């Protein structure tokens, strides 16, 4: 670093040091005049002990990756529910789901060399495939130009989802984001039945346009420019 670059760096930093590296080049260290906010004391949360992972999932006294990651996801959602309420938890999950759904769609398209908008049949195939890949058991009930209806016999999070029903918003946002990117208008997702709240199966209806007015209070809306609601 030399010349104009060194001058600019010197003016922006409180302390600047440059040392030569034995293998060539230089090591630059700078201290910026930025104050970092003090971290909030997390001691109130340290005492929290969730229900996961379950002891029987351990292998030789240690938890493998899948039970660990499932526990991390479920317990994080549950803790946000407790600390900030279900609205905050669902908002967080919606943002993640919209992004993840985009990557899932990209992979599906690349594998099948697909361009342009997906047809409802292709969207449904993507839904079933992506859920199957992570341990769900979704199946198509019906497809037409207005809606895609799916059932599900097994939640990817297992029975643990009953501790954090807000995780159902992951399904809603993934499905909604994908449908919105392949539609001219807003789409809506209705989680009619959910294993997480005691139903024997899940039933999800993805409206590819406006749902009936009577369903408005119960649907999550998504639009293409944000793939979020």
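What follows draws every value from the coordinates through simple rules; no lab data is involved. Computed from a predicted model, the values in this text were never measured in an experiment. For neighbour counting, all protein chains shown are included, and Cβ atoms are generated from backbone atoms with ideal geometry for every residue, glycine included.
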Checklist outcome for this item: With Cα springs under 10 Å, the Gaussian network model of the chain assigns the largest mean-square fluctuation among 205, 80, 28 to 28
Next on the checklist: Please compute the contact order of the chain in relative form: average sequence separation of alpha-carbon pairs under 8 Å and at least six residues apart, divided by the residue count, as a percent.
Outcome noted: 16
Checklist entry - Among 33, 165, 212, which one shows the biggest mean-square fluctuation in a GNM of the chain, springs joining Cα atoms closer than 10 Å? => result 33
Next on the checklist: Give me 147, 117 sorted ascending by neighbouring Cβ count inside 10 Å, so fewest comes first.
Outcome noted: 117, 147
Item to check | Residue exposure sequence - 81, 184 - by fewest surrounding Cβ within 10 Å | outcome: 184, 81
Item to check | Residues 73, 13, 94, sorted so that the one with the fewest Cβ neighbours within 10 Å comes first | outcome: 13, 73, 94
Checklist entry - If you work out percent of Cα pairs over 31 Å apart from the coordinates, which of (i) 21; (ii) 41; (iii) 28 do you get? => result (ii)
Item to check | Sites residue 76 and residue 201 - FRET efficiency at Förster radius 35 Å, r taken between beta-carbons, to 0.05 | outcome: 0.85
